[in-house]
Each structure stands twice: as structure tokens, then as C-alpha cells.
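Structure first, then comments.
The values are calculated or read from the model by the stated rules, or taken from the named source; none is laboratory data. Fair warning: this is a prediction, and the values are worked out from it, not measured in the lab. Backbone-built Cβ (ideal geometry, glycine too); neighbour counts: all protein chains shown.
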Amino acid sequence: MNGSTLLRFLFYIREYFFPAGCAVCGGTLLDARETWYGLCADCMAAITLEGTRRCSGCGRPLISEGDRCLSCRNGEEHGLDRVIALFPYAGSYRRLLAAYKFGPSRAAGHFLREKLIEGFSLFPPGEMESPVLVPVPPRPGKIKKFGWDQIAYLAKLLRPARRRPEGQDSAEDVTGRSPGEPPFPVYPCLKRLPSRSQKELGGADRKTNLRGRILCTRTAPAEAVLFDDVITTGSTLNACAAALRKAGAERVYGICLFYD
């Protein structure tokens, strides 16, 4: 039994003795696949990624012929070259994130990981050459207070099993892939300084709350793809993009699981 099979078996045993249920409907998880993803087969089948074109500014599905939605065309410029957002933050999608982020379903992270990787198919072919995934950093003290951060955990799930040689510290050092691993390297290089929680603020305050409060603590990759769970105004991604560009990034993209 290899490591991956053993880990799936352990999730199955955990669910048997300490059932969390389906992250969306709360139903019983019946087999190893369901317990690994934290969703029942019916709910997994219902959450499919539509290939609809996305607005390059906010990542939401487009209903127009242009590259940007009306709101982004009439608003201020975004700091990213392109953003992709996968699912609406409502209904079953909202329950899924809540169960993963706040509830008992840590296993749902495996399902969200797969969807995040699948979401890269929505970027125009050939637009990115050597992308590096950069997780949006948590608020200071969040991991210490709650024991974990949902994006940091996703970053861990996206990391390859291979360890880079001691002393290497650049994004290019972790680009090697093995079969079955995520398509791009993960490179945590951003730090968030103390600031107010974005979700507690209105649109205008969100735009200024993180200005200058995100730092790039390592060499920035030339082509970075920021990833987060929810995009609302895009202010967090913009602040992260500004920090990456200041540190030398030439192109910055974004991908979010949900759009609000």
C-alpha cells in the first residue's frame, strides 16, 4: 500500500468513526472516494466547471462579447493581467466552502484542490508560459488563533512531494513535476501586515485597507498566479499583485474558487 492509498484509507476510517458527512448536503459518505473528497457522489457530480468565458478583470462569467464585463469596463483598472473565478459564492457552493473553512470537512480541500487545477483550463491557451502559484497570505495571527488557514492548507495540498535541495530559494528551483502532481509549482512569498479584516469592510474601505500592507519576502517569480478562495471586489488580489510587481514580477494572474 503506497502513501496515497494509505492516506485515503485513513480518511475512510476517520469518517467511519467520526462522521462529518457530505460538505454540501450532509448525507452519509459511503466509500473511500467520497470520504477523500468530503462529498457524496451526487454532490460531486452536481459541481461542474462551466467553460464559459470569464471577464479578465474580475474573473466572473461574461455575458458580453468583450474581454471585460460592463462593471470592469466602467470601473478602475485592476492590477492583474487576468483573473479567473470558478463558481458563484451561493447555494451549494457556499455550503461547500463553509464546511471546509469553518466546519468539520477538511477533506473537502481535496475536492477544491482538484477544481482549482481544473480551473486553469479557463485561461486562454498559451497565455502563460511558466506560471508559479502564489497563495494569498493569511492575516497575522490567524493560523496561531484558529490552528490553520484554508488557503495555506490548499497550498500544502498543491505542493509536490519532491523536496528541493537545501539552500535553494528561488521559484525556478521548484518547477520540476512528477506524474500526478499539480501542473505548477507553489511558492509562498507574500506576507500580510496587521490590518482590518476585508470581510468586515465596505467596497471603498476594502480598496485602501491593504494598500502597502502586503510584502513580498522572497524573490518574486516572473509569472505569478495568485490563488484565493473568494473574490469580492478584487482588492486583496490587487494588493498582492502590487507587492509582486514591486519585487520584480513581470506578469501577475489570479484564480479564485468562488466569486461573490
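Within the stretch 65-76, if we keep just the residues that are touching a Lys or Arg at 6+ places or on another chain (Cβ under 9 Å) and in a loop (DSSP other than H, G, I, E, B), the residue that is surrounded by the fewest Cβ atoms within 10 Å (Cβ to Cβ) turns out to be Glu76. Every listed requirement among (1) within 14 Å of the chain's Cα centre (by Cα); (2) within 23 Å of Pro124 (Cα to Cα) is met by Arg245 save one, (1). Filtering the stretch 40-54 to residues that are assigned to a loop (DSSP other than H, G, I, E, B) and under 18 Å from Leu30 (Cα atoms) leaves only Cys40.
Give the residue, chosen from Arg177, Arg192, Arg211, that is within 22 Å of Gln150 (Cα to Cα), of a type in the set (Lys, Arg) and either modelled with pLDDT under 95 or surrounded by fewer than 15 Cβ atoms within 10 Å (Cβ to Cβ) (or both). Talk me through it step by step, then tell me what you get.
Details: Arg177 fails: within 22 Å of Gln150 (Cα to Cα); Arg211 fails: within 22 Å of Gln150 (Cα to Cα).
When all the criteria are applied, what remains is Arg192.
Tell me the residue from Leu49, Leu29, Leu70 that is of a type in the set (A, V, I, L, M, F, W, C), within 21 Å of the chain's Cα centre (by Cα) and at pLDDT below 95, please. Before the answer, list the steps.
Numbers: Leu29 fails: within 21 Å of the chain's Cα centre (by Cα); Leu70 fails: within 21 Å of the chain's Cα centre (by Cα).
Only one candidate passes the filter, namely Leu49.
Test Ala99 against the stated conditions and say whether it is surrounded by fewer than 18 Cβ atoms within 10 Å (Cβ to Cβ) and either of a type in the set (A, V, I, L, M, F, W, C) or within 15 Å of the chain's Cα centre (by Cα) (or both). Let's see the steps before the verdict.
Details: surrounded by fewer than 18 Cβ atoms within 10 Å (Cβ to Cβ): no; either of a type in the set (A, V, I, L, M, F, W, C) or within 15 Å of the chain's Cα centre (by Cα) (or both): yes.
Taking the combined requirement at face value, the residue does not satisfy it.
Please specify each residue of the stretch 13-51 satisfying the condition of being loosely packed, with under 14 Cβ neighbours inside 10 Å, hydrophobic (A, V, I, L, M, F, W, C), free of Cβ contacts under 8 Å to residues at least 40 places away in the same chain and within 24 Å of Phe87 (Cβ to Cβ). Hit for the stretch 13-51 is Ala45, nothing else.
Applying the selection to the stretch 90-119, what residues are assigned to a loop (DSSP other than H, G, I, E, B) and without any contact (Cβ under 8 Å) to a residue 60 or more places away in the chain? Write out each step before concluding.
So the first thing to find is which residues in the stretch 90-119 are assigned to a loop (DSSP other than H, G, I, E, B), and the list is 90, 102-107.
Correct list: Ala90, Phe102.
Every residue, every condition in (1) of a type in the set (S, T, N, Q); (2) closer than 23 Å to Phe18 by Cβ; (3) at pLDDT 95 or above; (4) in a loop (DSSP other than H, G, I, E, B), yes or no:
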| position | (1), (2), (3), (4) |
| --- | --- |
| Ser56 | yes, no, no, yes |
| Gly59 | no, no, no, yes |
| His78 | no, no, no, yes |
| Ile84 | no, no, yes, no |
| Ser121 | yes, no, no, no |
| Pro140 | no, no, no, yes |
| Lys144 | no, no, no, no |
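From the list Arg8, Arg54, exactly one residue is surrounded by 15 or more Cβ atoms within 10 Å (Cβ to Cβ), in contact with a Pro (Cβ under 7 Å, 6 or more places away or on another chain) and charged (D, E, K, R). Which is it? Quick ask: steps written out before the conclusion?
Numbers: Arg8 fails: in contact with a Pro (Cβ under 7 Å, 6 or more places away or on another chain).
Just one listed residue meets the conditions, Arg54.
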